[in-house]
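Q: What follows is a structure written as structure tokens; I'll ask about it next.
Read-outs throughout are calculated quantities, based only on the coordinates presented, and are distinct from any laboratory measurement. Remember, predicted model here, so these are calculated numbers, not experimental data. Note: ideal-geometry Cβ built from the backbone for every residue, glycine included; neighbour counts use all protein chains shown.
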Amino acid sequence: MRILILGGTREARELAHIASGERGFEIVSSLAGRVRTPLLPEGAVRIGGFGGAEGLRDWVVANGIDAVVDATHPFAAAISANAAAAVRDSGVPLVCLRRPSWSRQMGDRWVRVPDLAAAAQAVTTLGERVFLTIGRQGVRAFAGLGGQWFLIRAIDPPEGPLPPNHEMLLARGPFTVEGESRLIAQHRIDVLVSKDSGGDQTDAKLIAARAAGIPVVVIDRPEFPECAVLVETVAQAWDWLRAAAVAASGERRE
Ligand code: NAP
């Protein structure tokens, strides 16, 4: 089976690692090309956009792809919508691997907001020293806030306007609770901003914020398109791919 993994996440790399070692599977991972030095998955990798849903559909057909795994980040809404539309047109099966949302724990002081603009609005009433951990994209939504100081953390420098008072911290996770607590204390952070990315690689900051007793502005995930096969873990995605391979080999024998 030829599998296209739409990636850019740890889960996508894990799945590529598992499937690349298996007989009967040929894996191509796809990355958007946003990060200067991406963590590359095992096996074949292509980098760059496909040119919308149609471009993705054409690529899938031209490359004889038997199944697509959408293992992109929960905030990568455009590529997920493209994947859903592309498979609808081509009839190729799609499995969506989506890590569960974070849920509030005892002691959390979360303010849930629907989007970046609402997060910027919420920050103005919650604190003065803000730890902005939303990645590179979206920082511009905070550019108009002159009354706050920001510690901005991203893998690569954000493009576009930035808030006037800030310090940039270029770093790639995973981070530890100890490290996050140190940053919060060192910079006298009084509010954290995070996307509801989910997963266990980026939750150290939430634990550190809970321990420090500071509020967290949690940005809700965007709407996802319908996905017939929705799984939450790499193991479930892999089970599905193996079952699809067995079904496909049965069909070939008949
Ligand atoms: P997006 O808004 O959903 O996608 C914008 C465009 O980028 C898509 O229309 C597509 O271009 C291209 N693209 C996105 N992911 C791609 C992939 N895996 N392979 C090929 N092309 C892709 O995406 P985004 O939010 O900018 O995220 C880009 C990538 O970074 C994703 O792969 C995602 O998994 C990863 N990532 C995102 C976040 C986040 O917070 N958004 C966090 C961590 C990792 P065409 O229409 O030309 O095909």
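Q: For VAL45 and ALA117, compute 0.36 nm times the residue count separating them, minus their Cα-Cα distance, and round to one decimal in nm. Please report the intermediate quantities before stating the final value.
A: Details: separation 72, 0.36 × 72 = 25.92 nm, distance 3.46 nm.
Taking 0.36 nm per residue and subtracting the Cα distance, the gain is 22.5 nm.
Q: What FRET efficiency would be calculated for the residue pair GLU159, GLU26, taking the C-beta separation as r and a Förster radius of 35 Å, to the nearest 0.05? Before the final figure, lay out the partial values.
A: Details: r = 36 Å, r/R0 = 1.02.
The computed FRET efficiency comes out at 0.50.
Q: A follow-up question, please. Under 1.5 on a/c is rounded, so check that first for the range 110-219, then, if it is not, pick prolate when a/b is larger than b/c and oblate when it is not; a ≥ b ≥ c are the square roots of the alpha carbon gyration tensor eigenvalues. Before the final figure, lay out each step's value.
A: On the way: a/c = 1.34, a/b = 1.23, b/c = 1.09.
Judged from the Cα gyration tensor, the range 110-219 comes out rounded (a/c under 1.5).
Q: Another question about this same structure. Using unit Cβ charges (K, R positive; D, E negative) and no other charged atoms, how large, in debye to the nearest 20, is the dipole of the range 110-219 about its Cα centre?
A: 60 debye
Q: Shape verdict for the range 199-254, please, from the Cα gyration tensor: rounded (a/c under 1.5), prolate (a/b greater than b/c) or oblate.
A: The shape class here is oblate.
Q: May I ask for the angle, rounded to the nearest 10°, between helix 10-20 and the longest principal axis of the chain, with both axes built from Cα atoms and the value confined to 0 to 90°?
A: The helix 10-20 is inclined about 20 degrees to the chain.
Q: Tell me which residues come under 5 Å, amide H to amide H, from ILE27 once H is placed; ignore anything under 5 positions away on its chain.
A: ILE3, ALA44
Q: List THR176, THR9, THR37 from most exposed to least, where exposure is judged by having the fewest other Cβ atoms within 10 Å.
A: THR37, THR176, THR9
Q: Given the options ALA78, ALA243, ALA212, state which has the largest fluctuation in a GNM of the chain using a 10 Å cut-off (strictly under) for Cα springs.
A: Fluctuation is largest for ALA243.
Q: Compute the length gained on full extension between PHE224 and ALA171: take 0.36 nm times their separation in residues and subtract their Cα-Cα distance, giving the result in nm to one decimal.
A: Fully extending the segment from PHE224 to ALA171 adds 16.2 nm.
Q: Looking only at SER101, SER194, SER30, which one moves most when the chain is put into a Gaussian network model with springs between Cα atoms under 10 Å?
A: With Cα springs under 10 Å in the chain, the top fluctuation among SER101, SER194, SER30 is at SER101.
Q: Show the residues, 5+ positions off or on another chain, whose built amide H is closer than 5 Å to the amide H of VAL111.
A: Under 5 Å from the amide H of VAL111: VAL216, VAL217, VAL218.
Q: While we're on this one: Using θ = phi - 60° and the Karplus curve 6.51 cos²θ - 1.76 cosθ + 1.60, what whole-Hz ³J(HN,Hα) does each residue of the range 50-57 get, with Gly and Pro shown as x?
A: Couplings: 9, x, x, 4, 5, x, 5, 4 Hz.
Q: If you don't mind, there's one more thing I want to ask. Report the Stokes-Einstein translational diffusion coefficient (µm² s⁻¹, integer) for the chain, Rh taken as the Kirkwood radius over Cα pairs, at 20 °C with viscosity 1.002 mPa s.
A: Using the Kirkwood radius from Cα pairs, D works out to 110 µm²/s.
Q: Any idea what angle helix 116-126 forms with the longest principal axis of the chain, computed on alpha-carbon atoms, 0 to 90 degrees, nearest 10?
A: Taking the Cα atoms of the chain, the angle to 116-126 is about 30 degrees.
Q: How large is the helix-only mean residue ellipticity at 222 nm for the chain, computed as the sum of -39500 (n - 2.57) over DSSP H runs with n ≥ 4, divided by its residue count, in deg cm²/dmol to the nearest 500?
A: Value at 222 nm, helices only, nearest 500: -10500 deg cm²/dmol.
Q: So what's the angle, to the nearest 10 degrees on a 0 to 90 scale, between helix 77-90 and the longest Cα principal axis of the chain?
A: Once rounded, one gets 10 degrees.
Q: Could you compute the FRET efficiency for ASP58 and GLN236, with r as their C-beta to C-beta distance and R0 at 25 Å, rounded to 0.05?
A: Details: r = 29 Å, r/R0 = 1.16.
Step by step, r from the Cβ atoms, then E = 0.30.
Q: Here's another thing I want to ask about it. Taking amide H positions as placed in the peptide plane 1.01 Å from N, state which residues far from LEU151 in sequence (5 or more) or on other chains have amide H under 5 Å from it.
A: Amide H to amide H, under 5 Å and 5 or more residues apart or across chains, LEU151 pairs with VAL130, PHE131, LEU132, GLU167.
Q: With θ set to phi - 60° and the Karplus curve 6.51 cos²θ - 1.76 cosθ + 1.60, what are the ³J(HN,Hα) couplings of the range 24-39 in order, to the nearest whole Hz, using x for Gly and Pro?
A: Along the range 24-39, the couplings run x, 10, 10, 10, 10, 9, 10, 10, 6, x, 6, 8, 4, 10, x, 6 Hz.
Q: I'd like the Karplus ³J(HN,Hα) series for the range 227-238: coefficients 6.51, -1.76, 1.60, θ = phi - 60°, whole numbers in Hz, and an x wherever there's a Gly or Pro.
A: Per-residue couplings from phi come out as 9, 4, 10, 10, 10, 10, 10, 4, 4, 5, 5, 5 Hz.
Q: What distance in nm separates the two pseudo spin-label positions at ALA185 and ALA247, each 7 Å out from Cα along the beta-carbon direction?
A: Once both label points are built, they end up 5.4 nm from each other.
Q: Would you mind working out the magnitude of the charge dipole of the range 19-111 relative to its Cα centre, with +1 at each Lys and Arg C-beta and -1 at each Asp and Glu C-beta, to the nearest 20 Debye?
A: I would put it at about 460 debye.
Q: Now, a different point. Counting Lys and Arg as +1 and Asp and Glu as -1, each charge on the Cβ, what is the dipole of the chain about the Cα centre in debye, to the nearest 20? If you can, show how the numbers build up before the last one.
A: On the way: 28 positive and 29 negative charges, 104 e Å.
In debye, rounded to 20, the chain gives about 500.
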